[in-house]
Amino acid sequence: MKSTEPHIMQFFPTPVYSILDNLIVEKMLPIAKKYLSDKSELTNAWNYKNTYKPDVGLEIHDDMKEFSDYIINKAREFTDILGFQPDNWKLNIFASEMTKGDHHGSHPHPNCIYSGILYLQVPEKSSPLMFIDPRNHAKFVLPRVKEYTHLNSPVAVVTPLPGLFLMWNSWIEHMVPPNETDGQRITLVFNLFK
């Protein structure tokens, strides 16, 4: 057998689906703002402004149907890319508005298959989304880091942009560090489950 150059084999990927779609922002930003200004929809779970309800969210409203269909279509595409069978998922959608100092600590989304976010309004200095390395044993003993790369970092940081749509396996721990913007960081967040 002929010798080869060394290469890195990557196993057990942590895939995150992403697409930039400004057309959906034009439609959904006014709708999200409407629900964020409706006191009957606000729950302010996690000590920042949002409409999260664990059982039934914004997906029940007629003006959310287009976004609900959008999520389901993207979930089918993601599922196909991953080599799994699509399913008949249930959906929960909520709107979120973070201002200066707001944050969300590290967490997964239990009992869900996919979770995701659509960034609608992203002022300068808006908090990123940070994914935490899910390989618990990888944190025991490591060589000293010379330079952080996607192969050795314990955190993957995604900088938000208006129109950025992300979807990931719900078991992946993620967090939002304290928001530094004086403006309003507005998103639609969702979970898919059986």
key: Residue in the stretch 72-85 that is most open to solvent (accessible area, probe 1.4 Å), counting only those that are assigned to a loop (DSSP other than H, G, I, E, B) and not hydrophobic (A, V, I, L, M, F, W, C)   = GLN85
note = When the stretch 86-117 is checked residue by residue, the ones that are surrounded by fewer than 18 Cβ atoms within 10 Å (Cβ to Cβ) and under 12 Å from LEU188 (Cβ atoms) are none
key: Test set (1) over 15 Å from the mean Cα position of the chain (by Cα); (2) closer than 30 Å to THR181 by Cβ; (3) at pLDDT below 95 - PRO86 fails condition number   = (2)
Hits in the stretch 23-44 (condition: within 17 Å of the chain's Cα centre (by Cα) and either modelled with pLDDT under 95 or among the β-branched types (Val, Ile, Thr) (or both)) = ILE24, VAL25
ask   = Pick from the stretch 170-186 the residues that are touching a Leu at 6+ places or on another chain (Cβ under 9 Å) and farther than 12 Å from MET98 by Cβ: which of them is most open to solvent (accessible area, probe 1.4 Å)?
value = MET175
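Just to verify a result, which residue in the stretch 121-166, among those that are aromatic (Phe, Trp, Tyr) and under 18 Å from the mean Cα position of the chain (by Cα), is most open to solvent (accessible area, probe 1.4 Å)? I'd like the intermediate steps shown before the answer.
So in the stretch 121-166, the residues aromatic (Phe, Trp, Tyr) come out as 131, 140, 148, 165.
After this cut, where a residue has to be under 18 Å from the mean Cα position of the chain (by Cα) as well, the list is 131, 165.
Working: PHE131: 16, PHE165: 0 Å².
Residue satisfying both the conditions and the ranking: PHE131.
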request  = For the stretch 66-83, enumerate the residues that are in contact with an Asp or Glu (Cβ under 8 Å, 6 or more places away or on another chain) and more than 26 Å from VAL176 (Cβ to Cβ).
outcome  = none
task = Within the stretch 55-80, track down each residue that is among the aliphatic types (A, V, I, L, M) and either within 28 Å of LYS125 (Cα to Cα) or at pLDDT 95 or above (or both).
result = LEU58, ILE60, MET64, ILE71, ILE72, ALA75
task = State whether one or more residues within the stretch 45-62 are outside any loop (DSSP other than H, G, I, E, B) and more than 28 Å from HIS103 (Cα to Cα).
result = yes
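The values are calculated or read from the model by the stated rules, or taken from the named source; none is laboratory data. Everything quoted here is computed from the prediction, not taken from an experiment. Positions of Cβ are generated from backbone atoms using ideal geometry, with glycine treated the same way; all protein chains shown enter the neighbour counts. To get the accessible areas, we keep the full protein, side chains included, count just its heavy atoms, and leave off ligands, DNA and RNA. Shrake-Rupley method; radii C 1.70, N 1.55, O 1.52, S 1.80 Å.
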